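Here the structure comes first, spelled out in structure tokens, and everything after it is commentary.
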Amino acid sequence: MLPRRHAGGVMQATHHYSQEYINHLTPQDVAALARRLEEDDYDTPFAALEDWHLLRAIAFHRPELVEPYLYLLDLEAFDES
């Protein structure tokens with residue numbers, strides 16, 4: 001379900017992930033996302049940043065899915081204040 005980021009020479013803007021999209025993610029989707037971030041296997045730094053933003057959005061809306069991967073976010077306390 002998660003899109004794989006490809007090099008295409010075009011920088012995409014950071015996406016806003018809908019609640020519906022996040023609600024449909026499975027633990028397997030989040031594990032695949034975390035694995036990509038851990039392996040740092042990206043064609044561009046922007047692709048890595050997109051995945052990081054997605055993981056962060058999931059953490060705020062469905063923290064139970066991201067709990068094993070919080071170390072990838074390195075969030076500060078009161079980050080959203």
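The values are calculated or read from the model by the stated rules, or taken from the named source; none is laboratory data. All of these numbers come straight from a predicted model, not from anything done at the bench. For neighbour counting, all protein chains shown are included, and Cβ atoms are generated from backbone atoms with ideal geometry for every residue, glycine included.
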Among residues of segment 51-72 being among the acidic types (Asp, Glu) and surrounded by fewer than 17 Cβ atoms within 10 Å (Cβ to Cβ), the residue nearest to residue 23 (Cα to Cα) is 64
Restricting attention to segment 19-44, the residues that are surrounded by 11 or more Cβ atoms within 10 Å (Cβ to Cβ) and either assigned to a loop (DSSP other than H, G, I, E, B) or at pLDDT below 95 (or both) number exactly 6
